[in-house]
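Colleague: Okay, here's the structure, questions in a sec.
The values are calculated or read from the model by the stated rules, or taken from the named source; none is laboratory data. All values reported here derive from a predicted model rather than from experimental measurement. Positions of Cβ are generated from backbone atoms using ideal geometry, with glycine treated the same way; all protein chains shown enter the neighbour counts.
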Amino acid sequence: MAAVAPGWLSLRAEEPGSSNLVSPPEIWDSHVHLSSFAGATPEARAEEALRVATRMGIARLITFMGWPFALTPTPEQIREQNDQLLAAMRVDPRRVLGYVYVNPLDLEGSLNEIRRCIVDGPMVGIKLWVAARCTHEHLDPILELATELQAAIYQHTWIKTTGNLPGESTPQDLVTLAKRHPEARLICGHSGGTWELGLRIMQQAPSVMFEIAGADPTAGITERAVAEFGARRVIFGSDAGGRSFATQMAKILGAEIDDDAKSQILGGNIRRLLTPIMQAKGMLS
Ligand SMILES: [Zn+2]
């Protein structure tokens, strides 16, 4: 399988006399939902997502949440959606990675699902969506367990012009949480939604990775993020299939940053974040 960005090497090869080609990156998409890929079963959806990802040169897909989407999922829905993901991951455990989806309002259920899917299962992170703002006190025991497991914690964040959902976290909320848990492997989802504000706010939480999934392939976002944080804090995610792999990769491939920075953003940084837990599980050689 060729895990190389289309045109990656040719971009440099066009430069006459270029002698310092960087290795093409292994691309990891840190944000994929199988719910919007075609297929009657989780396995079929995973196969379809992998088919398209392969065409785009993407090596690994980090997937989370199942279907249907529910703003405040019940314990049964949470278990069912995590089961969907576990089934999908079995299609290709090397290429389909997963984060366990939890509803923090149900603390005991969340801790149990983390143990079931990460400690006893193959998942490597936690997905937090819009059931509860991440300043909620239940986040403390969840993050303590995640930190102990060296698991990633993906927190959806947004600043909506029309107003956030009651349980929807802002980047400011994530800064508050990160200050309580500076050792946690937190990821700020969607660059804060309104990315210009998200960038400014996330300067206050240097331990948090900045993920640029979703929205239109706006020019300038990647360059600004690299200028503010350095390339090591910025990670690629697509939010596929709600967004296409191509439009989201274009934010990075078309950015005016050097190839080493692109390589880190497209795969190196999320790989580094997940290396301890994946090594402990024997998932990385
Ligand atoms: Zn998403």
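Colleague: Tell me, which residue of region 154-166 that is over 15 Å from residue 213 (Cα atoms) and within 16 Å of the ligand (Cβ to nearest atom) is surrounded by the fewest Cβ atoms within 10 Å (Cβ to Cβ)?
Modeller: 160
Colleague: Could you grab me the full set of residues in region 47-57 that are among the β-branched types (Val, Ile, Thr) and within 16 Å of the ligand (Cβ to nearest atom)?
Modeller: Selection gives nothing.
Colleague: Only residues that are touching a strand residue (DSSP E or B) at 6+ places or on another chain (Cβ under 8 Å) and polar (S, T, N, Q): list them for region 167-186, please.
Modeller: Once the filter is applied, which keeps residues that are touching a strand residue (DSSP E or B) at 6+ places or on another chain (Cβ under 8 Å) and polar (S, T, N, Q), region 167-186 yields only 169.
Colleague: Would you confirm, using the coordinates I've provided, whether residue 39 is away from the ligand (no atom under 16 Å from the Cβ), surrounded by fewer than 24 Cβ atoms within 10 Å (Cβ to Cβ), over 16 Å from residue 267 (Cα atoms) and modelled with pLDDT of 95 or more?
Modeller: The answer is yes for residue 39.
Colleague: Out of all the residues in region 215-228, which are over 14 Å from residue 266 (Cβ atoms) and buried (at least 20 other Cβ atoms within 10 Å of the Cβ)?
Modeller: 221
Colleague: Next up: Residue 169 - would you say it is in contact with a Lys or Arg (Cβ under 9 Å, 6 or more places away or on another chain) and within 16 Å of the ligand (Cβ to nearest atom)?
Modeller: yes
Colleague: Within region 64-82, count every residue that is surrounded by fewer than 15 Cβ atoms within 10 Å (Cβ to Cβ) and away from the ligand (no atom under 15 Å from the Cβ).
Modeller: 3
Colleague: Right, something else. Residues 242, 214: which one is within 16 Å of the ligand (Cβ to nearest atom), assigned to a loop (DSSP other than H, G, I, E, B) and on the phi > 0 side of the Ramachandran plot?
Modeller: 214
Colleague: I need the full set of residues from region 218-239 which are out of contact with any Gly (no Cβ under 7 Å at 6 or more places or on another chain) and within 16 Å of the ligand (Cβ to nearest atom), in order please.
Modeller: 235, 236, 237, 238
Colleague: Criterion first (hydrophobic (A, V, I, L, M, F, W, C) and assigned to a loop (DSSP other than H, G, I, E, B)) does residue 53 satisfy it?
Modeller: no
Colleague: Right, something else. For region 97-140, which positions are over 25 Å from residue 173 (Cα atoms) and away from the ligand (no atom under 16 Å from the Cβ)?
Modeller: Selection gives 115, 116, 117, 118, 119, 120, 121, 122, 123.
Colleague: Mind checking which pairs have a first residue in region 231-243 that is more than 15 Å from residue 36 (Cα to Cα) and a second that is part of a helix (DSSP H, G or I) and of a type in the set (Gly, Ala, Ser), Cβ under 7 Å, 6 or more apart or different chains?
Modeller: 231/261; 234/225
Colleague: Would you point out which residue out of 61, 107, 85 is crowded, with 24+ Cβ neighbours inside 10 Å, modelled with pLDDT of 95 or more and in contact with a Pro (Cβ under 8 Å, 6 or more places away or on another chain)?
Modeller: That would be 85, the only listed residue that is crowded, with 24+ Cβ neighbours inside 10 Å, modelled with pLDDT of 95 or more and in contact with a Pro (Cβ under 8 Å, 6 or more places away or on another chain).
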